[in-house]
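Asks: Please read through the structure below; I'll follow up with questions.
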Amino acid sequence: MTPTVKPISAPKMALRTAIVLFVFVVAFTGVLAAAYQWTQPAIAEAAAAEKMKLIGEVLPPQLYDNDLLSDSRQLPASAALGTDEASSAYLARKNGVASALVFEAVAPDGYSGKIRLLIAVAADGMVLGVRVTQHKETPGLGDYVDPRKDKSKEHPWIAQFDGLSLASVPARDWRVRKDQGRFDSLAGATVSPRAVIKAVHKALLYVDENHQQLFAAPSGGSQ
């Protein structure tokens, strides 16, 4: 006589399915957590290397001997810098003496939107370097503000800021030549450079007005 197989009730079937799914979720979460812990140091190291590479484009290495990424501080959102949220600034020191500040600024009035900048300013107020880090300017027209897009590799447009300061350039000259200023620009593509020039000038004014607190962060610490 064939034994009768008692069917599993719907509630028991649902419970069994739920237990299997729970075990699967726990196991999968554990695998993801382990993978994250394993890859996090490598990701953080790569991000730090990329950040230092970009900083190296505006800050000469001979000007500092401290750990820049550790000697940082948070700058609050500022209309002068064009930022709508807090941003990081890095204080360069040589033999313990503050030599330069590297920080972010935004030109909100680019032709196609915001143009994000990284600026290095020496303790005496001189521009050490400016780089465009993000933009949506028209390819082949206004994107020459970005040295990666600028066709002039030996003398990129952005290099015009190097060595300038509020003391060496009157306020009226922080404009393109078309507007009776001192900065060159390409014919028919002046919106982008106007935005960058204005942003750099405002950033220098910000540094000048806040010089004492910006260059007085405690050595090796963050604020």
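Asks: Mind telling me which of the residues Ala48, Ala18, Ala33, Ala44 ends up being modelled with pLDDT under 70, farther than 30 Å from Arg93 by Cα and surrounded by 10 or more Cβ atoms within 10 Å (Cβ to Cβ)? Break it down into steps so the answer makes sense when it comes.
Replies: Values: Ala48 fails: farther than 30 Å from Arg93 by Cα; Ala18 fails: modelled with pLDDT under 70; Ala44 fails: farther than 30 Å from Arg93 by Cα.
Of the residues listed, the single one that is modelled with pLDDT under 70, farther than 30 Å from Arg93 by Cα and surrounded by 10 or more Cβ atoms within 10 Å (Cβ to Cβ) is Ala33.
Asks: Okay, moving on. When you scan the stretch 71-80, do you find a residue that is exposed (fewer than 10 other Cβ atoms within 10 Å of the Cβ), at pLDDT 75 or above and part of a helix (DSSP H, G or I), even just one? Even if it seems obvious, please write down each step before you answer.
Replies: First, pick out the residues of the stretch 71-80 that are exposed (fewer than 10 other Cβ atoms within 10 Å of the Cβ): 76.
Those still in the list that are at pLDDT 75 or above too: 76.
Adding the requirement that they be part of a helix (DSSP H, G or I) leaves none.
Checking the stretch 71-80: not a single residue is exposed (fewer than 10 other Cβ atoms within 10 Å of the Cβ), at pLDDT 75 or above and part of a helix (DSSP H, G or I).
Asks: In the stretch 105-150, how many residues are more than 17 Å from the chain's Cα centre (by Cα) and either surrounded by fewer than 16 Cβ atoms within 10 Å (Cβ to Cβ) or of a type in the set (A, V, I, L, M) (or both)?
Replies: Total satisfying the criteria: 11.
Asks: State which residue pairs qualify: first residue of a type in the set (Lys, Arg) and inside the stretch 87-103, second residue assigned to a strand (DSSP E or B) and crowded, with 17+ Cβ neighbours inside 10 Å in any location, beta carbons under 7 Å apart, and separation of 6 or more residues or different chains.
Replies: Arg93/Ser99
Asks: Kindly indicate whether any position in the stretch 136-157 is out of contact with any strand residue (DSSP E or B) (no Cβ under 8 Å at 6 or more places or on another chain) and within 30 Å of Ala216 (Cα to Cα).
Replies: no
Asks: Report yes if some residue within the stretch 136-151 is under 26 Å from Leu214 (Cβ atoms) and part of a helix (DSSP H, G or I); otherwise report no.
Replies: yes
Asks: Now a separate question. Could you identify the single residue in Leu75, Leu101 that is in the same structural domain as Lys198 (by TED's automatic domain parsing) and in contact with a Ser or Thr (Cβ under 7 Å, 6 or more places away or on another chain)? First the steps, then the outcome.
Replies: Values: Leu101 fails: in contact with a Ser or Thr (Cβ under 7 Å, 6 or more places away or on another chain).
The unique qualifying residue is Leu75.
Asks: Something else now. Considering (1) free of Cβ contacts under 8 Å to residues at least 60 places away in the same chain; (2) of a type in the set (Ser, Thr, Tyr); (3) more than 24 Å from Pro60 (Cα to Cα), say which one Ser168 fails and leave the rest.
Replies: Unmet for Ser168, out of (1) free of Cβ contacts under 8 Å to residues at least 60 places away in the same chain; (2) of a type in the set (Ser, Thr, Tyr); (3) more than 24 Å from Pro60 (Cα to Cα): (3).
Yes/no matrix, rows are residues, columns are (1) under 16 Å from Ala79 (Cα atoms); (2) of a type in the set (A, V, I, L, M); (3) in contact with a Gly (Cβ under 9 Å, 6 or more places away or on another chain); (4) modelled with pLDDT of 95 or more:
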| site | (1), (2), (3), (4) |
| --- | --- |
| Leu101 | no, yes, no, yes |
| His135 | no, no, yes, no |
| Thr138 | no, no, no, no |
| His155 | no, no, no, no |
| Gly181 | no, no, no, yes |
| Ala187 | no, yes, no, no |
| Thr190 | no, no, yes, no |
| Glu209 | yes, no, no, yes |
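Asks: Considering each residue of the stretch 180-208, count those that are of a type in the set (D, E, K, R) and either within 18 Å of the chain's Cα centre (by Cα) or under 21 Å from His135 (Cβ atoms) (or both), and give that number. Full working, then the answer.
Replies: Of all residues in the stretch 180-208, those of a type in the set (D, E, K, R) come to 182, 184, 194, 198, 202, 208.
Going one step further and asking which of them are either within 18 Å of the chain's Cα centre (by Cα) or under 21 Å from His135 (Cβ atoms) (or both), we end up with 184, 194, 198, 202.
Total meeting the criteria: 4.
Asks: State which residue pairs qualify: first residue touching a residue at least 60 places away in the same chain (Cβ under 8 Å) and in the same structural domain as Asp143 (by TED's automatic domain parsing) and inside the stretch 181-200, second residue crowded, with 18+ Cβ neighbours inside 10 Å and acidic (Asp, Glu) in any location, beta carbons under 7 Å apart, and separation of 6 or more residues or different chains.
Replies: Listed by first residue and then by second, the contacts come to Ser192/Glu137.
The values are calculated or read from the model by the stated rules, or taken from the named source; none is laboratory data. The structure presented is a predicted model; accordingly, all values stated were derived computationally and were not measured. Every residue, glycine as well, gets a Cβ built from its backbone with ideal geometry; the counts of neighbours run over all protein chains shown.
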